[in-house]
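The values are calculated or read from the model by the stated rules, or taken from the named source; none is laboratory data. None of the values given here were measured: they were computed from a predicted structure. Positions of Cβ are generated from backbone atoms using ideal geometry, with glycine treated the same way; all protein chains shown enter the neighbour counts.
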Amino acid sequence: MKQRPWLFLLPTLILMSISAFIPLMAVINYSLHTIFAGSTPEFVGLQNYADVMNDSQFRGALFRQLTFSLMALLIEIPLGVGVALCLPRKGGGVGISLVLLGIPLLIPYNVVGIVWRLFTQSDIGVIPRVLSIFGYEYNVSLDATDAFLTILLVDVWHWTPLVALLAYAGLQAIPQTFYQAAEIDGTSTWKTFRYVTLPKLRPVLTLGLLIRFMDSFKVYSEPLLLTGGGPGNATTFMSLFVARKAEAYELGYAGASSIIYLYVVIVMSYILFQFISRSSERKQT
Amino acid sequence: MAKIELKSLEHRYESSHKGKSAFAIEDLNIAWEDGTANALLGPSGCGKTTILNIISGLIKPTSGEVLFDGTRVNDLPTRERHIAQVFQFPVVYDTMSVFDNLAFPLRNRGQDESVVRARTGEIMELLDLSKLANTKSGSLNPAEKQIVSLGRGIARTDTMAVLLDEPLTVIDPVLKLDLRRKLRLAQHELKLTMIYVTHDQHEALTFADHVTIMKDGAVMQSDTPEALFLTPRTPFVGYFIGSPGMNRLPCEKTSTGLSVAGSPIAIQESIGLAANKLDGTIELGIRPEFVETSIEEKPSWNRMAIRSVDYAGAYQVLNLESGTVRIKARVEERFPSQEGDFIWAHFPADKTHIYVDGERLDR
């Protein structure tokens, strides 16, 4: 019965192959062919990959994506921690604040997109109205910066609560004695945060950082519904770029860019994870 | 260092049940002399930690006074009381090195860096931490962390007292001895006023010169370890201190003295005579160590059956029975006895205590 371990692994392997291996193999297969509707696919080797890498639109989308993800992380992580610090720790306010905080997480992506389109619409939207009071002419469908920042704002609104909830759970887990000791040591509020709270939050923040990084790389429905990827290509992020290519039936090209996209996500997540765990290890020794 | 006094101290915790409040501490009076090693011993929930938190100012007492060297400190905030506290779970600043941990409270008080270096060096030398100076505290084992957290407390020269809240609980048994030795060493070298809270009598008796025993928020007895063992003031103290605890036997008065639970247990006349004029509930207490035993019959000794034998390495504990009376006797490991045997037991007068309504009778 040497095969018994494989027997136990079989259900997982079957599920994995349906959900991951087979689609991945299919996409890799696409990426090596030139496919036109109706005709037989033609094997072209790595030509699609070369084309993708030389495509300035692809490089633009990748650069935009990296900028977007980095900015989202830089805003959402500190803001989430800040929100968590402001939440009540006990008493009647806890339940209601957590529920209110969680609401954005419960709203489906497409609803988020439509709601924000209403907010930002130049004729009836509340955001252009408010900004016009301050003399700023906001136009999400004409101004590239406005469009980019709006998508960023939606992402921050949508996902900061997740970071806040994680940080809140982390804060609740810090034993009170650490704060008592800090008080006895005559520590200032800032130093208490710097040397007690922050180091103790590190594990949950690492988790939050990774989740948010990978998720922000997948941003799709917000730009699709709000800006349609425009104006120009200002909000065409990676997934939107790939989807557009597939919609245009350039399946080989879309396949190749998907694989490169996947590769970038994996590599970036790995680098990020290594960086975080390495820096925490260095602090430990 | 300072003399720490608590006067008529009371503390109530508001419970969640409609403003009902429960006493954690009631009318407490204790004085800990300057530069002494003290222990506060009692079962869990008797208010020990509450007392420490009142001394350090983390909790405000409902009423009563806290005095440092005779000065009332009730209204001083924690950081101005100059207390060092070591908690049950080691508290260190994980991201700092051992050196920085010890220097932290000094730097927080704006001390000159040369002073900080000199003092931190001294403390590391004393606590044997020098070789760990540059190690990140997060990577230390719990015993080392506990030493660092002690060091942080005593690094300040203006420390009034060092409070230790069950500091050995999470420490590996092998490392416990070493840590306790270092605690004792630091206490002795720096003439620290230490208050060591524990529910472990062994830790309390081996560490402290002076042990205060508490129960339900009140002091039962405050004395040297020896006095607690030899002359426990209440049956609770007798039972709580010692392993196994003191035997407690309910007594009745008779025309000649005392009898135990109406059983044919003989008590020496000198014990009985002292108590036969008293009113109230009378109890007899004798430690298992002091119960004399013999496998041969002796006149006026009590014949008792061995119900069971607990083997404890260097000694054995016999569970003896006669009628309704059950006692424990500690005998040497070679004592030739087994379950079901009969032996003869005797309570020597000078080792037997009489308690009237829970108070020891001085004879």
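Within the range A:114-149, being surrounded by 19 or more Cβ atoms within 10 Å (Cβ to Cβ) and farther than 20 Å from residue A:103 by Cβ holds for A:128, A:138, A:140, A:146, A:147, A:148.
Just to check your reading of the model, which residue among B:71, B:78 is farther than 18 Å from residue A:184 by Cβ and of a type outside the set (A, V, I, L, M, F, W, C)?
Of the residues listed, the single one that is farther than 18 Å from residue A:184 by Cβ and of a type outside the set (A, V, I, L, M, F, W, C) is B:71.
Taking the range B:137-156 as the range and being within 9 Å of residue B:84 (Cβ to Cβ) and out of contact with any Phe, Trp or Tyr (no Cβ under 9 Å at 6 or more places or on another chain) as the test, the residues that pass are B:150, B:153, B:154, B:156. Within the range B:337-362, the set of residues being assigned to a loop (DSSP other than H, G, I, E, B), touching an Asp or Glu at 6+ places or on another chain (Cβ under 9 Å) and more than 9 Å from residue B:283 (Cα to Cα) comprises B:347, B:348.
When residue B:5 is tested against the conditions (1) farther than 26 Å from residue B:228 by Cβ; (2) more than 13 Å from chain A (Cβ to nearest Cβ); (3) touching a Leu at 6+ places or on another chain (Cβ under 9 Å), the lone failure is (1). Can you tell me which of (1) crowded, with 21+ Cβ neighbours inside 10 Å; (2) at pLDDT 90 or above; (3) assigned by TED's automatic domain parsing to the domain that holds residue B:305 is the one residue B:289 doesn't meet? Only one criterion in (1) crowded, with 21+ Cβ neighbours inside 10 Å; (2) at pLDDT 90 or above; (3) assigned by TED's automatic domain parsing to the domain that holds residue B:305 is unmet by residue B:289, namely (1).
Looking only at residues of the range A:162-204 that are among the small types (Gly, Ala, Ser) and out of contact with any strand residue (DSSP E or B) (no Cβ under 8 Å at 6 or more places or on another chain), we find that the one that is farthest from the other protein chains (Cβ to nearest Cβ) is A:164. Per the listing A:194, A:212, A:244, the residue uniquely basic (Lys, Arg), modelled with pLDDT of 85 or more and within 30 Å of residue B:59 (Cα to Cα) is A:194.
Only one residue in A:261, A:179 is among the hydroxyl-bearing types (Ser, Thr, Tyr), crowded, with 17+ Cβ neighbours inside 10 Å and in a helix (DSSP H, G or I). Which one?
Working: A:179 fails: crowded, with 17+ Cβ neighbours inside 10 Å.
Only one candidate qualifies: A:261.
Close Cβ contacts (under 6 Å, 6 or more residues apart or on different chains) running from residues in the range B:31-57 that are closer than 19 Å to residue B:224 by Cα to residues that are surrounded by fewer than 22 Cβ atoms within 10 Å (Cβ to Cβ) and of a type in the set (Asp, Glu) comprise B:31/B:5; B:36/B:209; B:37/B:209.
Each residue in the range B:190-247 was checked for being among the basic types (Lys, Arg) and at positive phi, and 1 of them qualify. Residues in the range B:85-104 that are more than 7 Å from chain A (Cβ to nearest Cβ), touching a Pro at 6+ places or on another chain (Cβ under 8 Å) and crowded, with 23+ Cβ neighbours inside 10 Å: B:86, B:90. Among the residues of the range B:127-134, is there at least one that is buried (at least 21 other Cβ atoms within 10 Å of the Cβ), under 25 Å from residue B:166 (Cα atoms) and within 13 Å of chain A (Cβ to nearest Cβ)? No, there is no match, as no residue in the range B:127-134 is buried (at least 21 other Cβ atoms within 10 Å of the Cβ), under 25 Å from residue B:166 (Cα atoms) and within 13 Å of chain A (Cβ to nearest Cβ).
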